[in-house]
């Protein structure tokens, strides 16, 4: 049974791997109770991480008990009732986190969460929760525009900024289509209000991607939004999950690990590389990558034609450029790549750059092998590397 200090350390480190272990243990109730107690006091970063941890915990736990997250949400709403004694301090933040992390099971509470906007003490937490939900399941926020719209002109900068962020997220066309209502384009505002928000320099602090970050209302209204998606695929007889992320420039991440772990790694990487951006779960901006990837794994495509947004050190970028020059069905050794980037003795450095390549398959790090023909390491696992090379018709040399 984790002690209070153990829980605090998990929050300080944002150690969701330990959280995963606790969520699957018999004593899991003690853990969520500690999170709920920790959420009572709104005292900065650790409070917000407790809010996030509650959602992550429920997401893990509902894999064992499918009604778990729904039960927690219902409990929080009940705690808001007068008959409960008013024990649901900061309930709107907690409910928002639960809905954002468990939208498939708890998404039908979206109207109830937006109903909390009428209570001034719950308003900011509800707006924050709706902003998180918009990033993870925008379809659940889409019907709520009329309830969110008044807060674009709220007197308090935080409410105004959170509403601006929700609008920025929701203005991205859904499934490639602009959405309309009787009054015109959805999530649209008059030009006068648009200009006020574009020139609004008020600064607010928002919990995003594990950190408390400062944004101006203008930055939130014109937020930099990147998208990601996870798609299943088959490489010969091996089933894999492909997690990809794109910026307005192009594909910046493609990982082949188990979806939960891969998404966590991708989010951490995106947060470091684009610290003031927002990451939104959307298939459409990644649909061309998905289409070309399906053609590749079924043997119908040998070269990718996808814009890339590569982020790395100058040396890493040189190595990755060489990877793009390796033809389909061929391989290069680490030593050969090292020589081509002007560092003949840098095989180990090439190996590290290869390992740090965030765009698997499209930037074909699987085509780099050891001098003896051994496959050596691969971030997605050697079984995937072997299947990729087999798909491309590469035959490993036999040992003499």
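The values are calculated or read from the model by the stated rules, or taken from the named source; none is laboratory data. Just so you know, these numbers come straight off a predicted model, no measurement behind them. Cβ atoms come from the backbone with ideal geometry, glycine included; neighbour counts cover every protein chain shown.
Here are some notes:
- Test: residue 89 is within 27 Å of residue 15 (Cα to Cα) and within 22 Å of the chain's Cα centre (by Cα): no
- Set 276, 302: member being touching a helix residue (DSSP H, G or I) at 6+ places or on another chain (Cβ under 9 Å) and closer than 25 Å to residue 55 by Cα: 276
- Residue 71 fulfils the conditions (1) surrounded by fewer than 18 Cβ atoms within 10 Å (Cβ to Cβ); (2) within 20 Å of residue 19 (Cβ to Cβ); (3) touching a helix residue (DSSP H, G or I) at 6+ places or on another chain (Cβ under 6 Å) except for a single criterion, (3).
- Residue identified as surrounded by 13 or more Cβ atoms within 10 Å (Cβ to Cβ), in contact (Cβ under 8 Å) with a residue 12 or more places away in the chain and part of a loop (DSSP other than H, G, I, E, B) among 88, 58: 88
- When the range 293-319 is limited to residues that are free of Cβ contacts under 8 Å to residues at least 60 places away in the same chain and assigned to a helix (DSSP H, G or I), the one that is surrounded by the fewest Cβ atoms within 10 Å (Cβ to Cβ) turns out to be 314.
- Checked against the criteria, residue 357 counts as closer than 25 Å to residue 308 by Cβ, at pLDDT 95 or above and in the same structural domain as residue 245 (by TED's automatic domain parsing).
- The one condition in (1) in a helix (DSSP H, G or I); (2) under 22 Å from residue 388 (Cβ atoms) that residue 242 fails to fulfil: (1)
- Just one of (1) surrounded by 21 or more Cβ atoms within 10 Å (Cβ to Cβ); (2) over 21 Å from residue 91 (Cα atoms) fails for residue 64. It is (1).
- Residues in the range 192-211 that are at pLDDT 95 or above and outside any strand (DSSP E or B): 192, 193, 194, 195, 196, 197, 198, 199, 200, 201, 202.
- Qualifying residue in the range 107-114 (condition: assigned to a helix (DSSP H, G or I), closer than 26 Å to residue 17 by Cα and at pLDDT 95 or above): yes
- Residue 9 vs. criteria part of a loop (DSSP other than H, G, I, E, B) and either surrounded by fewer than 12 Cβ atoms within 10 Å (Cβ to Cβ) or assigned by TED's automatic domain parsing to the domain that holds residue 112 (or both): no
- Candidates 290, 235: the one that is at pLDDT 95 or above and over 24 Å from residue 165 (Cα atoms) is 290.
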